[in-house]
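The block underneath contains the structure these notes are about, expressed in structure tokens.
Laboratory data are not the source of any read-out in this text; all were calculated from the coordinates shown. On a predicted model such as this, the values are computed, not experimentally measured, just so you know. Here the Cβ positions follow ideal geometry from the backbone for every residue, glycine too, while neighbour counts run over all protein chains shown.
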Amino acid sequence: MGYHRITLTVNGVMELVDVPSNMTLLQMLREKLGLTGTKNGCASGECGACTVMLNGEPVNSCMVLAVECDGADVVTVEGLAKNGQLDPLQEAIIETGGVQCGFCTPGILISSRALLNRKPKPTEFEIREAISGNLCRCTGYNRIVEAVKKVAGTE
């Protein structure tokens, strides 16, 4: 198995990382960069717990090889907060009670932020569609949707 040196930007910081050919983006983030907010749920692209933004689009990081990210821009849940201030979406999900066990929350936050970045005033249908790839067994999704609508000003 070969190793590859890749350069990518993660949460606004340029990173130079040596990765094996078969390492996923999820593994690289957690094991090489210590960014453990991105969760390993199913490891098969079904649950969305590992969702990150790759070049502005939400992806299941368990399904992307790290070597494919050479030159890419990656945003994880740790990258949502700026200068010690939570992203408004993070604040809203806390305020609405959209967090219970919290395991799915990082992926839901990333999927929701990606939606709001491309469409600041989404409909409820668009919100539900955007988070449809994020499985949550605790909340029933209503409070999560409420949080996104709050940030969008469409509540």
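Numerical summary
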| item | result |
| --- | --- |
| In the stretch 3-36, the residues that are surrounded by 18 or more Cβ atoms within 10 Å (Cβ to Cβ), assigned to a loop (DSSP other than H, G, I, E, B) and touching a residue at least 60 places away in the same chain (Cβ under 8 Å) | ASN11 |
| The stretch 74-91, residues that are within 16 Å of the chain's Cα centre (by Cα) and either among the aliphatic types (A, V, I, L, M) or over 17 Å from GLY37 (Cβ atoms) (or both) | VAL74, VAL75, VAL77, LEU80, ALA81, LEU86, PRO88, LEU89 |
| Enumeration of residues in the stretch 11-32 that are touching a Ser or Thr at 6+ places or on another chain (Cβ under 9 Å) and more than 14 Å from ASP73 (Cβ to Cβ) | LEU16, VAL17, THR24, LEU26, GLN27, MET28, ARG30 |
| SER44 without any contact (Cβ under 8 Å) to a residue 60 or more places away in the chain, closer than 24 Å to LEU26 by Cα and of a type in the set (Gly, Ala, Ser) | yes |
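Residue-by-condition table, conditions (1) more than 15 Å from the chain's Cα centre (by Cα); (2) of a type in the set (S, T, N, Q):
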{"position": "MET1", "(1), (2)": "yes, no"}
{"position": "ARG5", "(1), (2)": "yes, no"}
{"position": "LEU16", "(1), (2)": "yes, no"}
{"position": "PRO20", "(1), (2)": "yes, no"}
{"position": "LEU26", "(1), (2)": "no, no"}
{"position": "ARG30", "(1), (2)": "no, no"}
{"position": "THR36", "(1), (2)": "no, yes"}
{"position": "ASN40", "(1), (2)": "no, yes"}
{"position": "CYS47", "(1), (2)": "no, no"}
